[in-house]
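The values are calculated or read from the model by the stated rules, or taken from the named source; none is laboratory data. Keep in mind that what you see is a predicted model, and the values were worked out from it rather than measured. Every residue, glycine among them, receives a Cβ derived from its backbone with ideal geometry; neighbour counts consider all protein chains shown. Ligands, DNA and RNA are excluded from the accessible area calculation, which covers all protein heavy atoms including side chains. Shrake-Rupley method; radii C 1.70, N 1.55, O 1.52, S 1.80 Å.
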Amino acid sequence: MSVKIMADSACDLPLSFYEENDAILFPLKVHINDTEYEDLQTIQPKQVYDQIRAGNLPKTSQASPAGFKEVFTELAENKQDGIYIAFSSQLSGTYQTAVMIAQQVKEDYPDFNLSIIDTKCASLGYGLVVMEAARMAKENYSKDEIIQAVQFLSEHMEHLFTVDDLDHLAKGGRVSKASAFVGGLLNIKPLLNVEDGKLVPIEKIRGKKKLLRRIIEVMKERGAAFENQIIGISHADDFETATEMKNMILEELHAKDVYISSIGAAVGSHTGPGTIAIFFLNKLPS
């Protein structure tokens with residue numbers, strides 16, 4: 001493969017993806033009861049959701065600087081070109097750490113051809129970008145072509161999601177406390193999206209059926225050529241609702257395909273169980 005693709009675990013792709021595509025994973029860290037875990041490698045999402053339900057609030061931290069240093073140095077020594085496709089810099093310090101480490105490695109290996117891209121995306125919205133980059137690398141597209149595709153997809157990726165409790169996002173600093181309205185008693189669910197890499201609540205909806213219907217409406221308003229794109233759905237221990245959403249998307253929007261994944265331990269530590277997220281493009285490459 002002419003280009004080595006790298007991503008962090010916040011893209012919510014399974015471990016098998018990295019193995020099948022010869023891609024490199026940088027796991028984010030999850031901390032529960034004074035124990036540190038590596039997302040996707042030493043902890044699974046279900047463990048995080050069970051801890052949250054038991055009243056334990058996990059904390060997260062960015063991918064290891066030492067991990068970046070090791071991988072970047074090895075690629076530089078082997079004269080291997082690389083692209084690290086990163087989780088939104090608005091939600092994690094991982095992107096900035098990678099840039100800093102890359103600068104250090106390039107001092108010793110000035111010819112090291114590494115690009116680091118801030119997708120401003122999260123979860124499977126970020127994952128869909130990584131999937132396309134990996135496909136292109138496998139098919140020996142040039143580094144410039146892959147970067148161009150990654151930048152286009154990142155810019156045009158829509159994120160729509162709902163959480164059971166906005167307090168999880170507020171406690172982790174992912175949305176403002178003022179935005180974390182409590183609607184559980186009234187069965188009010190928030191609908192959020194991502195704007196410039198940040199999480200922003202857009203409206204409140206009462207009842208699950210109305211919420212799912214509203215997601216379809218917003219997709220119709222914002223999306224483009226669904227028949228030519230793969231839609232992403234990620235869920236936090238709620239495969240049943242994810243499947244219901246998939247069927248609605250296939251039936252009403254005639255999407256080319258729908259890919260479902262579990263929200264990983266790192267992202268799930270902030271969203272909490274019951275989260276459903278939908279990812280699609282508002283414009284397709286010409």
Under the 7 Å Cα-to-Cβ spin-label approximation, Asp196 and Gln90 lie apart by a distance in nanometres of 0.7
Helix 65-77 sits off the longest principal axis of the Cα atoms of the chain, rounded to the nearest 10 on a 0 to 90 degree scale, by 40
Taking protein heavy atoms only, a 1.4 Å probe, and rounding to whole percent, the accessible area of segment 9-82 owed to carbon and sulfur comes out at 45
If amide H atoms are modeled at 1.01 Å from N in the peptide plane, then the residues at a separation of 5 or more from Val258, or on another chain, having amide H under 5 Å from its own are Ile231
With +1 on the Cβ of every Lys and Arg and -1 on the Cβ of every Asp and Glu, the dipole magnitude of the chain about its Cα centre, in debye rounded to the nearest 20, is 1140
Counting sequence-distant residues (5 or more places) and residues on other chains, those with an amide H built under 5 Å from that of Lys189 are Ile205, Arg206, Gly207
Under the Karplus relation with 6.51, -1.76 and 1.60 and θ = phi - 60°, whole-Hz ³J(HN,Hα) for segment 16-22, x at Gly and Pro, equal 4, 4, 5, 5, 6, 10, 6
For Lys138, counting only aspartates and glutamates whose alpha-carbon sits under 17 Å away and dropping same-chain residues fewer than eight positions off, the answer is Glu19, Glu20, Asp22, Asp81
Trypsin sites (Lys or Arg not before Pro) in segment 1-85 lying in a DSSP loop, each with at most 12 other Cβ atoms within 10 Å of its Cβ, come to Lys79
Note on segment 18-108: contact order normalised by length, alpha-carbon pairs under 8 Å, 6 or more apart, percent, works out to 25
Over the chain, the sum of -39500 (n - 2.57) across DSSP H runs of at least four, divided by residue number and rounded to 500 deg cm²/dmol, gives at 222 nm -12500 deg cm²/dmol
Within segment 67-149, DSSP-loop GluC sites (Glu not before Pro) with at most 12 other C-beta atoms within 10 Å are Glu139
Once the in-chain neighbours fewer than 8 apart are removed, the aspartates and glutamates whose Cα is under 19 Å from Lys209 read Asp164, Asp165, Glu217, Glu221, Asp237, Asp238, Glu240, Glu244, Glu251, Glu252
The chain, Gaussian network, Cα under 10 Å: of Gly55, Gly223, Gly274, the residue fluctuating most is Gly55
Note on the chain: alpha-carbon gyration tensor, axes a ≥ b ≥ c; rule is a/c under 1.5 for rounded, else prolate if a/b larger than b/c, else oblate; result oblate
Of all C-alpha pairs within segment 1-123, those more than 26 angstrom apart amount in percent to 23
Relative contact order of the chain (C-alpha contacts under 8 Å, at least 6 apart) in percent is 23
Rounded to the nearest 10 Å², the 1.4 Å probe accessible area of Glu221 is 120
For segment 127-134, in residue order, the Karplus 3J(HN,Hα) values (coefficients 6.51, -1.76, 1.60; θ = phi - 60°; whole Hz; Gly and Pro = x) are x, 4, 5, 5, 4, 5, 4, 5
